[in-house]
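For reference, the structure is listed below as structure tokens.
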Amino acid sequence: MVQSESLLAIRLGLQSTLVKLGSVPQVHQTDNSTAATHKLGLDGRHKSLQERGFNEEYLQLLAHYGLEGRTTHIASPNEDGDIEISQRRFERAVKQHCYCAAPVIHKHCSLRNFSIWHHGKRNAGRQQKLAEELR
């Protein structure tokens, strides 16, 4: 879980994901957020959205893990649609959880714990394919 779309959030999210995965993939794909990319050229204000490059700090992060960077194409929601749909489903589940849990406050229940449980449940069916990819 990250609190913002900053380079620090990318760094922490990537690190925790790689530790949990126990492996480093060849490619890290991100959207065109300013945390990872910037407009190229001396006067970036006049550049089109397609003329973006990676920030130096993001390139250093990729190099640290030996990753190749890739971005989704502008105005191509199909490229990150699975993530967006998953995020909407998660938001709905959190709202439902909070609605149901509101009358009774659980001492050991937190949004972070719920998130870990929910994502574990959603990813349980993907473990076999992940294991095949990691071979």
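The values are calculated or read from the model by the stated rules, or taken from the named source; none is laboratory data. This one's a predicted model, so the numbers in the text were calculated from it and none came from an experiment. All Cβ positions, glycine included, derive from the backbone under ideal geometry; neighbour counts span all protein chains shown.
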Residue within region 59-67 that is surrounded by 11 or more Cβ atoms within 10 Å (Cβ to Cβ) and at pLDDT below 80 present: no
Can you confirm whether R45 is of a type in the set (K, R), within 17 Å of the chain's Cα centre (by Cα), loosely packed, with under 10 Cβ neighbours inside 10 Å and at pLDDT below 75? no
Taking the criterion of being modelled with pLDDT of 70 or more, among the polar types (S, T, N, Q) and surrounded by 12 or more Cβ atoms within 10 Å (Cβ to Cβ), would at least one residue in region 108-120 satisfy it? yes
Criterion first (closer than 25 Å to L130 by Cβ, modelled with pLDDT of 80 or more and small (G, A, S)) does S16 satisfy it? yes
